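> Before anything else, here's the structure in question.
The values are calculated or read from the model by the stated rules, or taken from the named source; none is laboratory data. These numbers were taken from a predicted model, which means no experiment stands behind them. Ideal geometry is used to build each Cβ from the backbone, glycine not excepted, and the neighbour counts take in all protein chains shown.
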Amino acid sequence: MNLILFGPPAAGKGTQAKRLVETRKMVQLSTGDMLRAAIASGSELGKRVSGIMERGELVSDAIVVELIEQRLPEAEAAGGAIFDGFPRTLAQAEALDRMLEHRGSRIDLVVRLKVDDDALMQRVAGRFAESGRPDDNPDSFKVRLDAYNTQTAPLLPYYRDHRKLVEVDGMGSIETVASAIDKALDAPRA
Ligand code: AMP
């Protein structure tokens, strides 16, 4: 079972992914977490991406596709992946389909968390105050939201056309959103 948690930054993808790791023993593949780990380790890759991430821009497709590819065997062994923050461009979505197909697998479901921009701005202001994550500052967050709206949201028709897309109201409590996701996961699929 391979699931994409789809939605704008701060929609709750990471929170919901972590819960699914607990409850379903799937593997969370968060490109944002992988890139932050690269920065924390002081690696070459980390040095290349830190400025881009701090500004809220997208790093190159080649970088994130490679990070994901390296982790696919582990996810496969666990019985499935939760893609969190990936894919973010059409090129990434197509690369993911190709990589999975090559391994005899596929994306089974895309859950879109719908949260309006004002609510996101409010959420992230709280998160910035708490964690101080550099790209949660209001200027970078605007760039991230813009990147989502212009580069990532256009993927929705791609997944809709492939009949993979389920929309979930992401404005409710963590528990309400969690049970809506569970319902989507447990629904019969073609
Ligand atoms: P996230 O934690 O998913 O919000 O990602 C934080 C930042 O990492 C993003 O604002 C981008 O700079 C970078 N990033 C994460 N995932 C991707 C991706 N799939 N494509 C391009 N950039 C990404």
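> Across the stretch 97-147, what is the total count of residues that are touching a Phe, Trp or Tyr at 6+ places or on another chain (Cβ under 6 Å), under 25 Å from His162 (Cα atoms) and hydrophobic (A, V, I, L, M, F, W, C)?
1
> Let me ask you something else. Determine the pairs where a residue that is within 7 Å of the ligand (Cβ to nearest atom), located within the stretch 23-35, has a partner that is hydrophobic (A, V, I, L, M, F, W, C) with Cβ atoms under 7 Å apart, the partner being 6 or more residues away or on another chain.
Ser30/Ala17; Thr31/Val64; Thr31/Leu67; Thr31/Ile68; Thr31/Phe86; Leu35/Val49; Leu35/Met53; Leu35/Val59
> Then there is this: Of the numbered conditions (1) among the small types (Gly, Ala, Ser); (2) more than 11 Å from the ligand (Cβ to nearest atom); (3) at pLDDT 95 or above; (4) part of a helix (DSSP H, G or I), Ala147 satisfies every one except a single condition; which is it?
Among (1) among the small types (Gly, Ala, Ser); (2) more than 11 Å from the ligand (Cβ to nearest atom); (3) at pLDDT 95 or above; (4) part of a helix (DSSP H, G or I), Ala147 violates only (2).
> What do you reckon, is Phe128 more than 12 Å from Pro8 (Cα to Cα), in contact with a helix residue (DSSP H, G or I) (Cβ under 6 Å, 6 or more places away or on another chain) and within 15 Å of the ligand (Cβ to nearest atom)?
Answer is yes for this residue.
> Identify, by number, the condition in (1) without any contact (Cβ under 8 Å) to a residue 40 or more places away in the chain; (2) more than 14 Å from Leu5 (Cα to Cα) that Arg189 doesn't meet.
Status for Arg189: all satisfied but (1).
> How many residues does the stretch 97-132 contain that are without any contact (Cβ under 8 Å) to a residue 40 or more places away in the chain and surrounded by 14 or more Cβ atoms within 10 Å (Cβ to Cβ)?
Selection size over the stretch 97-132: 5.
> Could you say whether any residue in the stretch 152-163 is touching a helix residue (DSSP H, G or I) at 6+ places or on another chain (Cβ under 9 Å), of a type outside the set (Ser, Thr, Tyr) and closer than 30 Å to Gly51 by Cα?
Yes; the residues of the stretch 152-163 include at least one that is touching a helix residue (DSSP H, G or I) at 6+ places or on another chain (Cβ under 9 Å), of a type outside the set (Ser, Thr, Tyr) and closer than 30 Å to Gly51 by Cα.
> So which of Gly79, Gly46 is of a type outside the set (Val, Ile, Thr), at pLDDT below 95 and either surrounded by fewer than 16 Cβ atoms within 10 Å (Cβ to Cβ) or more than 25 Å from Pro154 (Cβ to Cβ) (or both)?
From the options Gly79, Gly46, the qualifying one is Gly79.
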